[in-house]
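Below: one structure, written as structure tokens.
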């Protein structure tokens with residue numbers, strides 16, 4: 001991969017699943033902590049995502065709402081102010097979706113810095129990429145892909161919808177895929193890759209010049225964008 005990103009497959013939703021209205025959530029949590037009540041209200045995180053390189057907030061919004069029940073972790077998102085959303089052309093699950101625009105989730109059980117975690121990507125065409133990551137040096141060296149998870153095996157319910165200059169979607173991730181922590185403690189981060197310019201070639205690929213690589217909790221990776229920095233993952237508590 002040109003940049004560190006995510007892996008994980010999902011099952012296309014054939015029936016309606018949990019609907020989260022992003023306009024009716026609890027107060028936004030601006031820090032690196034998310035506190036949920038299982039089967040309780042959903043919570044919005046800070047919509048001002050930040051550059052992965054230096055932590056500077058971008059001037060467009062990424063709305064994210066999160067909710068838990070006994071079976072799933074539900075995540076709804078809105079990727080706003082995206083003028084080039086129609087240029088995303090990948091439609092096959094587990095293709096290298098991270099080469100174009102995606103919304104991503106990294107998550108692992110426990111509250112320690114994550115050396116092994118689940119990576120999930122969804123693109124505007126509702127394609128998914130799912131896998132498990134091995135990162136023993138916590139980002140000091142290159143992480144490796146432990147394995148891909150077949151779309152039919154992941155059990156993730158998902159959808160994505162494009163509009164004129166934005167896209168939105170939702171994912172219901174099975175807790176059995178994440179792994180339950182007995183104390184309800186998890187590490188988590190949300191990411192977005194957003195194109196900044198038109199791409200005349202059909203097989204275009206994002207890079208640091210043409211796309212933004214942004215995070216809920218900035219990875220502060222320095223000169224080059226990088227998402228796989230577990231020390232910078234946020235903290236999720238589910239009571």
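The values are calculated or read from the model by the stated rules, or taken from the named source; none is laboratory data. The structure presented is a predicted model; accordingly, all values stated were derived computationally and were not measured. Note: ideal-geometry Cβ built from the backbone for every residue, glycine included; neighbour counts use all protein chains shown.
Quick notes on this structure:
- The criterion of at least 1 residues that are at pLDDT below 95 and surrounded by 14 or more Cβ atoms within 10 Å (Cβ to Cβ) is met, among strands (runs of 3 or more DSSP E) falling completely within region 1-113, by 26-29.
- Condition met for residue 192 (under 19 Å from residue 228 (Cβ atoms) and in contact with a strand residue (DSSP E or B) (Cβ under 8 Å, 6 or more places away or on another chain)): yes
- Restricting the first member to region 69-86 and to residues that are in contact (Cβ under 8 Å) with a residue 24 or more places away in the chain and on the phi > 0 side of the Ramachandran plot, and the second to residues that are surrounded by fewer than 22 Cβ atoms within 10 Å (Cβ to Cβ) and part of a loop (DSSP other than H, G, I, E, B), the beta-carbon pairs closer than 8 Å and six or more apart or on different chains are 81/60; 81/61; 81/165; 81/166.
- Matching strands (runs of 3 or more DSSP E) fully within region 169-239 where at least 2 residues are more than 19 Å from residue 115 (Cα to Cα), touching a helix residue (DSSP H, G or I) at 6+ places or on another chain (Cβ under 9 Å) and at pLDDT 95 or above: 185-195
- Filter pass, residue 177 being more than 28 Å from residue 61 (Cα to Cα) and under 16 Å from the mean Cα position of the chain (by Cα): yes
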